[in-house]
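Participant: Here's a structure for you.
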Amino acid sequence: VADKNGATSIPGVFAGGDIVTGAATVILAMGAGKVAARSIHQYLMGDNQQS
């Protein structure tokens, strides 16, 4: 289960796309992927204060 930023309960593991949104639409899956990508970038840069 991922939070609103795509982070899972395992540090450093993120989820996005259909695994988060379900088989809804490509647009929703892309949006979830974008959110996860932003969170991954923040995590790798050491900014663990997710908004």
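The values are calculated or read from the model by the stated rules, or taken from the named source; none is laboratory data. None of these values were measured; they are calculated from a predicted model. Here the Cβ positions follow ideal geometry from the backbone for every residue, glycine too, while neighbour counts run over all protein chains shown.
Participant: Examine region 43-50 for a residue that is out of contact with any Phe, Trp or Tyr (no Cβ under 6 Å at 6 or more places or on another chain) and part of a helix (DSSP H, G or I), and state whether such a residue exists.
Facilitator: Within region 43-50 (the criterion being out of contact with any Phe, Trp or Tyr (no Cβ under 6 Å at 6 or more places or on another chain) and part of a helix (DSSP H, G or I)), the answer is yes, since at least one residue qualifies.
Participant: Filter region 1-32 down to the residues that are part of a helix (DSSP H, G or I) and without any contact (Cβ under 8 Å) to a residue 24 or more places away in the chain and list them by number.
Facilitator: Hits for region 1-32 are 18, 19, 20, 21, 26, 27, 28, 29, 30, 31.
Participant: Let me ask something else about it. Residues of region 1-42 being modelled with pLDDT of 85 or more and either touching an Asp or Glu at 6+ places or on another chain (Cβ under 8 Å) or of a type in the set (Lys, Arg) (or both), which ones?
Facilitator: 34, 38
Participant: A further question on this structure: Taking only region 1-19 into account, find how many residues are within 8 Å of the chain's Cα centre (by Cα) and aliphatic (A, V, I, L, M).
Facilitator: Looking only at that region, the number is 3.
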